Amino acid sequence: MSIVLVGLNHRTAPVELREKLALAGCSLRMALEDLRDMSQVAGAQSVSEAIVLSTCNRLEVYASVHQPRDGMERLAQFLGGLQNVPAGEIMPHLYHHEGEAVVTHLMRVASGLDSMILGEPQILGQVTQAYEDARAAGSTGPILSHLFTQAIHVGKRARTETSIGRHTTSVAHVGAQKVMDELGPLNARRVLVVGAGEMASIAAEVLGRSGPAELAFINRTFNRAEAMAAEHNGRALAWHQLEEGLVWADAVISATGAPHIVIYKQDLSTILEFRAGRPLVIVDLSVPRDIEDIARDLPGVAYYDIDDLQSVLDAHLELRRAAIPEVEAVVDEGAAQFAEWLSGRQVTPVIRNLREWAEGVAAEELENTLNRIPDADERTRQMVGRLAHRLVNRLLHEPTTRLRMQAADGNGYGYAHAIRELFALEDITLECPRDRDGCAAPDAPPGAECNLECMAHPEEAQSA
């Protein structure tokens with residue numbers, strides 16, 4: 001099995017494409033169920049495990065597959081099929097990783113190194129949630145579960161052991177800062193916050209700390225708007241009062257998490273005549289976007305979506321950039337630990353079967369020996385039993401240690417195959433690594449067994 005990744009993010013795809021592919025709620029559950037169903041399809045393209053990481057700034061599918069190239073092609077087709085996006089529109093924006101590159105990438109993501117805002121705090125929770133969603137859907141398994149658990153651990157270490165987690169900001173913080181930059185001093189300024197989730201709450205908190213602005217909160221669920229208003233010393237509006245709020249406000253921060261537009265250009269056109277020429281600043285923090293993009297064409301409206309916020313100055317950026325080498329060291333350590341676990345997993349079944357075989361032989365010989373000395377007392381029987389147990393441990397210690405070392409060097413499949421042949425361990429099948437030259441024929445079916453050529457490193461196999 002191989003680990004692969006197919007995805008896109010804020011660096012490779014504009015928000016217009018990211019919002020088409022964004023997954024949340026029911027759509028995410030359905031996507032995970034589709035990926036889970038792929039595991040029941042035999043063939044080179046089958047996907048045995050999958051986890052989807054969907055945020056405002058990225059959509060990535062991590063998978064364990066039989067054959068990397070075919071698996072990645074299938075995942076790319078899967079992404080395009082999510083919202084019937086034509087292949088020609090999505091393919092130029094996708095990136096593909098396999099093996100160690102996937103491990104390193106995920107750990108960098110969890111550590112905040114790959115975020116639009118360096119070190120932003122939300123991504124670790126989003127990685128954790130992606131793993132929990134996959135577990136609930138039954139689409140993950142031992143390999144990706146261990147990978148995500150290790151990545152979450154690395155993300156926590158990065159935030160506690162380095163300064164990447166200090167002086168951090170967030171997209172919501174930057175959105176609030178953009179409003180303040182546009183409005184100037186907040187004294188007597190009015191800001192309408194649309195939505196009642198974490199992003200909206202962070203933005204309101206930043207605005208509340210920065211000046212005596214008047215805040216109003218609106219949400220489709222009125223009691224959530226009331227709770228936000230009580231927490232941030234503002235007032236709540238019912239959803240049918242949206243037009244009133246748009247007329248009243250000097251700025252709007254929208255962060256609903258809705259899967260569709262909630263404020264259209266026509267809604268804004270209707271209220272402009274009641275604003276008596278007052279300009280309106282709109283910051284849309286959502287993906288998919290809450291506000292129709294063409295609203296930016298309206299006179300007197302300054303509209304900014306999430307991609308527009310990258311230009312906002314981050315006063316603490318240099319402090320976090322200084323922590324990058326420390327974070328990368330934590331990432332490298334975590335990736336090495338996962339690689340060691342993964343390589344050891346190749347040989348664990350063989351070690352287990354070898355020990356079972358040896359213990360079976362020892363138990364048989366112990367019984368034969370004790371039958372020849374029927375007058376042996378209980379103490380003697382226990383001493384002979386302990387001797388047999390110690391002999392098994394002593395004899396297997398060195399070969400199992402060396403087998404794990406060979407696995408760490410990439411030779412586990414071949415050596416495990418040799419041990420299985422030498423000791424006739426017939427109850428175990430070793431699937432061949434399909435991305436390794438010299439291990440099996442290119443057209444070998446999934447589940448094909450390894451041969452002894454897997455004992456050589458790829459470069460050694462090529463020179464042989």
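Within the stretch 67-95, residues that are without any contact (Cβ under 8 Å) to a residue 40 or more places away in the chain have Cβ atoms under 7 Å from residues that are surrounded by 15 or more Cβ atoms within 10 Å (Cβ to Cβ) in these pairs: Asp70/Ala44; Asp70/Gln45; Arg74/Gln45; Arg74/Val47; Gly80/Ile90; Ala87/Gly80; Met91/Ala76, counting only partners at least 6 apart in sequence or on another chain. For the stretch 97-110, give me each residue that is at pLDDT 95 or above and either open to solvent by 60 Å² or more (accessible area, probe 1.4 Å) or hydroxyl-bearing (Ser, Thr, Tyr) (or both). Within the stretch 97-110, Thr104, Arg108 meet the criteria.
Considering Leu192, Leu246, Leu242, which residue is assigned to a helix (DSSP H, G or I), of a type outside the set (Gly, Ala, Ser) and surrounded by 20 or more Cβ atoms within 10 Å (Cβ to Cβ)? Step through it out loud before you land on a result.
Numbers: Leu192 fails: assigned to a helix (DSSP H, G or I); Leu242 fails: surrounded by 20 or more Cβ atoms within 10 Å (Cβ to Cβ).
When all the criteria are applied, what remains is Leu246.
How many of the residues making up the stretch 249-268 are open to solvent by less than 40 Å² (accessible area, probe 1.4 Å) and in a helix (DSSP H, G or I)?
Narrowing the stretch 249-268 to residues open to solvent by less than 40 Å² (accessible area, probe 1.4 Å): 249-255, 258, 262-263, 268.
After this cut, where a residue has to be in a helix (DSSP H, G or I) as well, the list is 268.
Residues flagged as open to solvent by less than 40 Å² (accessible area, probe 1.4 Å) and in a helix (DSSP H, G or I) within the stretch 249-268 amount to 1.
Considered as a group, the residues in the stretch 133-154 that are of a type outside the set (Ser, Thr, Tyr) and outside any helix (DSSP H, G or I) include one that is surrounded by the most Cβ atoms within 10 Å (Cβ to Cβ), and that residue is Gly141.
Can you tell me which residue in the stretch 400-417 is least open to solvent (accessible area, probe 1.4 Å), limited to those that are farther than 11 Å from Gln346 by Cα and either within 28 Å of the chain's Cα centre (by Cα) or at pLDDT 80 or above (or both)?
Taking the stretch 400-417 first, the residues farther than 11 Å from Gln346 by Cα are 400-402, 405, 409.
Retained after the next criterion (residues that are either within 28 Å of the chain's Cα centre (by Cα) or at pLDDT 80 or above (or both)): 400-402, 409.
Working: Thr400: 16, Thr401: 49, Arg402: 143, Asp409: 89 Å².
Here the answer is Thr400.
For the criterion of being open to solvent by less than 40 Å² (accessible area, probe 1.4 Å), among the basic types (Lys, Arg) and part of a helix (DSSP H, G or I), Arg320 passes.
Starting from residues that are among the hydrophobic types (A, V, I, L, M, F, W, C) and closer than 18 Å to Ile263 by Cβ, keep the ones in the stretch 216-227 and report whichever is most open to solvent (accessible area, probe 1.4 Å). This residue is Phe222. Of the set (1) at negative phi; (2) open to solvent by 50 Å² or more (accessible area, probe 1.4 Å); (3) outside any helix (DSSP H, G or I), all apply to Leu23 but (2).
The values are calculated or read from the model by the stated rules, or taken from the named source; none is laboratory data. Keep in mind that what you see is a predicted model, and the values were worked out from it rather than measured. Methodologically, a virtual Cβ is constructed for each residue, glycine included, from the backbone with ideal geometry; neighbour enumeration extends over all protein chains shown. Remember, those area values only see protein heavy atoms, side chains included, never the ligands or the DNA or RNA. Shrake-Rupley method; radii C 1.70, N 1.55, O 1.52, S 1.80 Å.
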